[in-house]
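Here's the structure, in structure tokens; my notes come after.
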Amino acid sequence: MERIPILKMGRFLLVTIQVDMHDQLALALQDDLTSQIARTGARGVLIDISSLEIVDSFIGRVLANIASMSRILDAETVVVGMQPAVAITLVELGLSLPGVRTALNVERGMELLHASLRAAELEEYDGGGEEDDAFGGHDGLS
Amino acid sequence: MTVSRSDVRPIRTEAEVVAARQAVRSWAVEMKFSLIDQTKLVTAASELARNALNYGGGGQMRMEILERSPRQGLRLTFEDQGPGIADVEQALRDGFTTGSGMGLGLGGSRRLVDEFEIHSAPGEGTRVTVVKWR
Amino acid sequence: MAQTAGSTVAEILGADPQALLDSWLQAQLSAPTARTDLITESELRQQSGEFLNLLRNAARGGSLDVQAPEWSQVRELLARVSRGRALQGFSPSETATFVLSLKQPLFARLRSGLAGDPERLMDAVWSATTLLDGLALYTTELFQQSREDVIYRQQQELLELSTPVVKLWEGVVAVPLIGTLDSARTQVVMENLLQRIVETGASMAIIDITGVPTVDTLVAQHLIKTVAAARLMGAECIISGIRPQIAQTIVHLGVELHGASTKATLADAIAMALRVTGWKVVRAEKR
């Protein structure tokens, strides 16, 4: 069965959805992502949907599920690049995906993931900001 | 009002659901619908085709181009021979689901089109007709 | 019965067509509905002559059902005439009179031709009336259709004149809404705003409603949908220019502006947008 590739980049996982997904493919992505987060200890997931021409209630639910499941596994999810027509349709459909973080493009999405990772680590180390590099952070965020 | 073109697509597998919505997209592009209206139509088609497959055990989609000068419309009719719906009003309410969706399929797709009609009764299958005017 | 009556009408139309055309033209030109300011006599003569010819040919077929295929040429001519008149500025009744004014000269001929046979006369008058009424109604329908086409086109043109979306600063766009918002216009504004967000890569969008006189439930819902759609794309919205009455309306309507920040003035909104996007505005020196 075909699958959507998941790339690992540092502490984050990257997915670019480029095909018109049927439902099983979307469910397979949900499974693959959650198991990859658990296996790699990734702290963030970026899903680029800029090539998606529609997001219906099923795909919307899969995106919301991925965000909730990864949050439980301690990874932040950000969905980037939703097209205006898709966003308007999704809202009209009644889905505003309140639990999903969003960004305009991949670059902004990565900034968001880096920022929230930094904030989380500062909190975990009780303000010990100098310890950041212990995690091999190479995010280049100034 | 006349029908200037029509076609029927099967909806028996998930791949046919994808093919059906691609057919709706290509007709909507040909009819010069705006991008937003194309997206709304394809999304509604996706919801209704999924319903026909998942709850109706499969069926078909009829596509028709309507002419009512100066406007053109695309009419989609989804039919299945499934168990049917006992309470149509309830099924149209947001949040109603008997399956795996978010319960926005019927009520949500009604908001994406200009005309929406549903005929269903227990044991008689379900027929949903939607029209979007350009 | 209709067969005989139809052929009677065809016969009457066929006898000395030139005289019939002349008396019909006379009736049209002397009627109070004549619009010699909009159409020349020669044009009217040409249209009337063509109509009589086609009418005679169609009536010869025997059927007086104007929807029948042998009447298609008559229908086409009437379509052309009534579209033309709709654009020239004729009123609907002036346009329908083109067909209806044929009754008087036609009935006069039927009366003199069938004077000795009252039964046939009645039948012929009845079918001629039905026929001309049918054609007149058809003309009116087409006239209305042409006017609707014009209105539809103007509506589309009006929508294109809708509000511009301006880039205020790096990462900040704004749309000033002015006048009454109906659902079609709000949708266009909303689409433009979201499109500009993508084009400019803006993460903040300001919707200023200072120029909107009233906000009803529908407009409030459109605003909420815009805010929600912008958020799905990764941009935040600020709604500014909310006047006290509108704040009251919004609360009375029970509408929640979830997710949207609100500011009283556009200046406050700009200040907030700049702060959120990481800009700091300082005065260079005291004046």
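Before moving on, here are some points about what is shown:
- Label-point separation, A:Ser116 to C:Gln18 (7 Å along Cα→Cβ), nm: 9.2 nm
- Shown is the FRET efficiency for C:Thr140 and B:Ser6, computed with R0 = 35 Å from the Cβ-Cβ distance and rounded to the nearest 0.05: 0.65.
- Magnitude of the charge dipole for the stretch B:2-133, about its Cα centre and with charges confined to Cβ atoms of Lys, Arg (+1) and Asp, Glu (-1), is about 400 debye.
- Looking at chain A, the DSSP beta bridges with both ends there are about 25 percent antiparallel.
- Translational diffusion of chain C, estimated by Stokes-Einstein from the Kirkwood radius over alpha carbon pairs at 10 °C in a medium of 1.306 mPa s, is 66 µm² per second.
- Positive dipole terminus of the protein assembly as shown, leading residue within C:Gln18, C:Met272, C:Leu253 (C-beta point charges): C:Gln18
- In the elastic network of chain B, a GNM with C-alpha springs shorter than 10 Å, the most mobile of B:Arg68, B:Arg93, B:Arg50 is B:Arg68.
- Between 0 and 90°, nearest 10: helix C:266-276 axis offset from chain C longest Cα axis: 60 degrees
- Rounded FRET efficiency, nearest 0.05, which uses the C-beta distance separating A:Met9 from B:Ala86 and R0 of 51 Å: 0.50
- Computed with a 1.4 Å probe over protein heavy atoms only, the accessible surface of the protein assembly as shown comes to 49 Å² per residue.
- Counting only alpha carbon atoms, the long axis of helix B:14-30 and the longest principal axis of chain B meet at about 30°.
- Debye log10 I(q)/I(0) for chain B, one point scatterer per Cα, at q = 0.15, 0.16 Å⁻¹: -0.66, -0.75
- Length, then width, then depth: along the principal axes, the Cα atoms of the protein assembly as shown run 118, 74, 39 Å.
- Accessible area of the protein assembly as shown belonging to carbon and sulfur atoms, whole % at 1.4 Å probe: 52 percent
- Minimum 40 Å² accessible area buried by the other protein chains, the stretch B:32-60 residues, probe 1.4 Å, relative to alone: B:Ile36, B:Thr39, B:Lys40, B:Thr43, B:Glu47, B:Arg50
- Rounded to the nearest 10 degrees, the inclination of helix C:2-14 to the longest alpha-carbon principal axis of chain C is 80 degrees.
- Amide H contacts under 5 Å for C:Thr265, placed H, 5+ residues apart: C:Gly241
- The number of Lys pairs in the protein assembly as shown with C-alpha atoms less than 27 Å apart, excluding pairs fewer than 8 positions apart on the same chain, is 11.
- Percentage of interatomic Cα-Cα distances in the stretch C:150-222 larger than 15 Å: 56 percent
- What the Cα atoms of the stretch C:166-276 give is an Rg and a Dmax of 12.8, 37 Å.
- Put a plus charge on the Cβ of each Lys and Arg, a minus charge on the Cβ of each Asp and Glu, and nothing anywhere else: the dipole of the protein assembly as shown about its Cα centre is then about 980 debye.
- Cα lying deepest toward the dipole's positive end in chain C, options C:Met190, C:Ser146, C:Leu110, charges on Cβ: C:Met190
- The accessible-area loss of the stretch C:221-257 on complex formation, taken against its chain alone with a 1.4 Å probe, reaches 10 Å² or more at C:Lys225, C:Ala228, C:Ala229, C:Arg231, C:Leu232, C:Met233, C:Gly234.
- Charge tally in the Cβ shell below 13 Å around B:Asp114, where Lys, Arg are +1 and Asp, Glu are -1, B:Asp114 excluded: +4
- For the stretch A:6-134, the fraction of alpha-carbon pairs in successive 5 Å shells from zero, as %: 2, 10, 21, 23, 20, 12, 6, 4, 2, 0
- Computed about the Cα centre, the dipole magnitude for the stretch A:1-58 is approximately 540 debye when only Lys and Arg (+1) and Asp and Glu (-1) carry charge, each at its Cβ.
The values are calculated or read from the model by the stated rules, or taken from the named source; none is laboratory data. These figures come from a predicted structure and were not determined experimentally. Heads up, the Cβs are rebuilt from the backbone with ideal geometry, glycines too, and the neighbour counts pull from every protein chain shown. SASA here: full protein model, heavy atoms, side chains in, ligands and nucleic acids out. Shrake-Rupley method; radii C 1.70, N 1.55, O 1.52, S 1.80 Å.
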